[in-house]
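The values are calculated or read from the model by the stated rules, or taken from the named source; none is laboratory data. All of these numbers come straight from a predicted model, not from anything done at the bench. Here the Cβ positions follow ideal geometry from the backbone for every residue, glycine too, while neighbour counts run over all protein chains shown. SASA here: full protein model, heavy atoms, side chains in, ligands and nucleic acids out. Shrake-Rupley method; radii C 1.70, N 1.55, O 1.52, S 1.80 Å.
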Amino acid sequence: MTSFLWKRKAGGNISKETSKNFEANSKPDGEDLSDCEVDWISLAPRRKVICLEDAAVKSNRLKQEGVTLAEAERYWEAIQKWNQALQLTPSNEKLYEMKAQALLLLNEVHPSLSAAQKCVELNSSWWVGHQTLGRVHLALGEVRSALRSFCVALHLNPADEELRREDLDWTFNLLQQKLLVERQLKERELKPSIVEVETDEDNSEASDAPHLMNADNSRLSSNSNSDHDEILTYVPTNYVLFRD
């Protein structure tokens, strides 16, 4: 049977005189030990903290939290989660694509364009990024750029009928309508100039008309005076000349 013995204190054999000398030498001059403040937290041994998740796992968790917030239409909070995830994994194109969609729904078109362009820059073979970039171009009114992005997206994913019908075909029809409106506006701009030319010619003819009328009137008056003189100078045979 194991017996537990009493343990003697360490330093029990040190004499009192040696202990007093040690305390006197270790005490600061002019300072009381009772008033001395010691930062015990800094002196305490630090424990090693084990990281439960690495950067990729944490980024994926933040991405899923952002998706949940976006589905609840809390877009700004979702963007904050995705920004935190981008600090851990800055080369994740899916985070930029989701961020571009959320910014587009918030009518933040130019930041959405930057996020969509970054997504395409990181992964140019992902058709979803080109589709999102095309929709951002449509929001900016850049129909030709949107049509180009949709063509690239359909080239990468030709089996997607929704992409063909709702994005590419609709944008093509929109471009045709835009060209038609531009042609009509040009025709309207040309018509007033033609009318102005015609009115100028009419005004010149109208300004010349009084001169022509005056010339005709003078000609008529001269003819009438000559006829009258002929009438006066002609003396009929039966005319009786009265003398004074």
Listed by first then second residue, the pairs whose first member lies in region 137-162 and is at pLDDT 90 or above, whose partner is outside any helix (DSSP H, G or I) and open to solvent by 40 Å² or more (accessible area, probe 1.4 Å), with beta carbons under 9 Å and at least 6 positions apart or on separate chains, are 139/107; 146/140; 152/124; 156/125; 156/126
Here the residues within region 53-66 that are assigned to a helix (DSSP H, G or I) and exposed (fewer than 13 other Cβ atoms within 10 Å of the Cβ) are 55, 56, 57, 64
Within region 92-124, the count of residues that are closer than 12 Å to residue 75 by Cβ and among the hydroxyl-bearing types (Ser, Thr, Tyr) comes to 1
Counting only residues in region 99-142 that are among the polar types (S, T, N, Q), over 11 Å from the mean Cα position of the chain (by Cα) and not in a helix (DSSP H, G or I), the one surrounded by the most Cβ atoms within 10 Å (Cβ to Cβ) is identified as 123
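Kindly indicate whether residue 206 is farther than 30 Å from residue 112 by Cα, exposed (fewer than 10 other Cβ atoms within 10 Å of the Cβ), among the hydrophobic types (A, V, I, L, M, F, W, C) and at pLDDT below 90.
Yes; evaluated as a whole, the condition is true for this residue.
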When region 89-98 is checked residue by residue, the ones that are surrounded by 17 or more Cβ atoms within 10 Å (Cβ to Cβ) and in a loop (DSSP other than H, G, I, E, B) are 92
